[in-house]
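Scroll down for the structure; my scribbles are underneath it.
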Amino acid sequence: MKHKIRTSIASFLVFSMLLPVLSSCGEKAAGKDGSDSSSAQAQGSGDVLPVETEEKRVYADDIADDVKFGGQTVKFMWWAENHEFAEEYTGEVVNDAAFEREMSVEARLNVDIVNVGESYTWDTKDLYLDKIRSSVMANDGAYDVASGQYATLPGLVADKVFVNLTDRKYLDFSKPYWVQQLIEETSIDGKLFLVTGDLSQITINQVWCVMGNDTMRENLGYDSLIGMVHEGKWTKDTMNTMLHGVYADTDGNQAKSGGDTFGLVIGDANCTYPFLNAWEISYTTLNEEGYPELTFYNDKTISAWEQMMTWCFDTQDVAYGGEGNVYFNAGSAFVEGRTLFDISIFGNVKYCVEKMEDRYILLPMPKWDEEQAGYYTWIGESNTLFGILTSAGNLDATSAALEMMAAESYRLVSPAIYEINMKTRYSADQEMSRMFDLIREGVVFNFGLVYGFAMNYMNVFWKSNISTNGNLSSAWKSQEKSYQASIDKFFAAVRELD
């Protein structure tokens, strides 16, 4: 229960969102150095309606004001280590926005939001999933909405623990606070069991990108990287050209080591995953009937694999921290100014602000070539998915609460993370602020990656074989039939669900 005096953060967030607009009406707001400090509005959170009038509601959802549930309790199960819910005001802007979100939902729906944090680590993932499965089987009401890592949670879909969300009153997946491409890619025969969007902070923090050392770029004599991005020329070949010749034995130990300077840092095999989406390589492709067909192994995938193997194991200018090569700290190398490019995530930008002396820059993952239509990326496999359990006590109250929690996250929490922290506090200038938007717009999902855990662990094939410096062709041939069989089995099981 949240019975505290409400010192509303909402008005602060709304005012912060309006600053660029207000500044443009007169003189522009200036930063500490006198430069223009206004930032572009985000495609997502920038659409928040800032002022409630008779014509426009401040809320992003369309749930009517008279929808009430008489104090019904709705329990959200969260991955505790992600700290995505709040129980009180602390003065920290993101925490307070999350708390304000839940208070708003409680007041509008007359419900009590109960956050249940359950510990989740890779070693204890089975225990976490068993808690969900057992709660449904026992019908004990421990949770109404379950959330979890998208690398593992979809494995529960065939176990009949989630309701079909497309049947639920109050849920509107046309809204911008839900990730549309995930919905399109993972719906099965018109059924949808798991969703994500602004409700999870991870959808912002875990977006993969390239961090670039702009000071080093300038010293090397290369043109503006931002210019290359806008011209569509930021490709794997461009990156390849720029990273070569950067290596230097900085620590003077006459060996490639963690104290040296590199053109590119790939922290571990997980950091190679974004290249799949970036280069439009998919485990599966949905056919006209919406059935996922294996499309992974082809000439382009082979070429991409060869490029990755070359970078990770045969290029002096690249530092790869995979198994057998753990000789450096990727993050430290970048913030200390010893890396031109680092494969990273949005959430790491704060370390550049806090520790980096060189001028840094944010870039999308490079395109395969200039013919590719756009820049694409993925949200890390620790991204959070949400589903309503079949044992939920009141499906209407739970559905309304889930919708409104997502909408209020879009209105309050995402602006706190994205607009205030990342795009203003953590952005060096307006151009970098625009890069946040461009990169996030390129997030895509693939059925084979999202549901791979439930299909013979297909989702880890790429990184597992990179970790072991394996042979792509033989590894795929040994697994292809089992992958297809697991797809068929999973799809058949889901089709039979009510």
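The values are calculated or read from the model by the stated rules, or taken from the named source; none is laboratory data. If you're wondering where the values come from, they're calculated on a predicted model, not measured in any experiment. Cβ sites come from the backbone with ideal geometry, for glycine too, and all protein chains shown count toward neighbours. Calculation scope for accessible area: heavy atoms of the full protein, side chains included, ligands and nucleic acids excluded. Shrake-Rupley method; radii C 1.70, N 1.55, O 1.52, S 1.80 Å.
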(request) Would you compute the Debye intensity of the stretch 357-433 from its alpha-carbon atoms alone, equal scatterers and no solvent, and pass along log10 I(q)/I(0) at q = 0.22, 0.23 Å⁻¹ to two decimals? (result) -1.12, -1.15
(request) Please compute the net charge surrounding S147, taking Lys and Arg as +1 and Asp and Glu as -1 over other residues with Cβ under 13 Å from its Cβ. (result) -2
(request) Using the Cα centre as the reference, give the magnitude of the dipole from point charges on the C-beta atoms of the stretch 244-377 (Lys, Arg: +1; Asp, Glu: -1; all else neutral), rounded to the nearest 20 debye. (result) 420
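Equivalent-ellipsoid semi-axes (√(5λ), Cα gyration tensor) for the stretch 100-144, whole Å, largest first? Walk me through the intermediate numbers first.
On the way: eigenvalues 144, 44, 5 Å².
Taking √(5λ) for each Cα gyration eigenvalue gives 27, 15, 5 Å.
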(message) Largest first and in whole Å, what are the equivalent-ellipsoid semi-axes of the stretch 68-141 based on the Cα gyration tensor, each being the root of 5 times an eigenvalue?
(response) 25, 19, 6
(request) Using Cα centres only, tell me the gap between the stretch 59-122 and the stretch 414-449 in whole Å. (result) 24
(message) Could you work out the relative contact order of the chain? I mean the mean sequence separation of Cα pairs under 8 Å and 6+ apart, divided by the number of residues, in percent.
(response) 25
(message) For the stretch 394-498, what are Rg and Dmax over the alpha carbons, in angstrom?
(response) 20.6, 52
(message) Please give the Cα centre distance for the stretch 233-254 versus the stretch 296-318, rounded to the nearest Å.
(response) 16
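Averaged per residue, what accessible surface does the chain expose to a 1.4 Å probe, in Å²?
About 41 Å² of surface per residue is accessible.
With N set to the residue count of the stretch 271-409, report its C-alpha Rg divided by 2.2 N^0.38 Å to two decimal places. Numbers along the way, then the final one.
On the way: Rg = 20.1 Å, N = 139, 2.2 N^0.38 = 14.3 Å.
The stretch 271-409 yields a ratio of 1.40.
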(request) Provide, for q = 0.13, 0.21 Å⁻¹, the log10 of I(q)/I(0) from a solvent-free Debye sum over equal Cα point scatterers in the stretch 167-228. (result) -0.57, -0.88
(message) Just the number: Rg to Rh for the stretch 218-272, Cα atoms, Kirkwood Rh, two decimals.
(response) 1.05
(message) Among V229, F453, G337, whose Cα projects farthest towards the positive end of the dipole of the chain, with charges put on the beta-carbon of Lys, Arg (+1) and Asp, Glu (-1)?
(response) F453
(message) If you average the alpha carbon positions of the stretch 161-224 and of the stretch 465-498, how far apart do those two centres end up, in angstrom?
(response) 24
(request) Please report, as a whole percent, how much of the solvent-accessible surface of the chain comes from carbon and sulfur atoms (probe radius 1.4 Å). (result) 48
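In the neighborhood of M458, defined by Cβ-to-Cβ distances under 15 Å, what is the net charge if each Lys or Arg adds +1 and each Asp or Glu adds -1? Before the final figure, lay out the partial values.
Numbers: positive: K463, K477, K481, K489; negative: E185, E293, E381, E480, D488.
Net of charged neighbours comes to -1.
Using only alpha-carbon positions, what ratio does the radius of gyration of the chain give when scaled by 2.2 N^0.38 Å?
1.00
Given a cut-off of under 8 Å on Cα pairs at least six residues apart, what relative contact order in percent is computed for the stretch 53-211? Working shown, then result.
Numbers: 156 pairs, mean separation 33.8, N = 159.
Relative contact order here is 21 percent.
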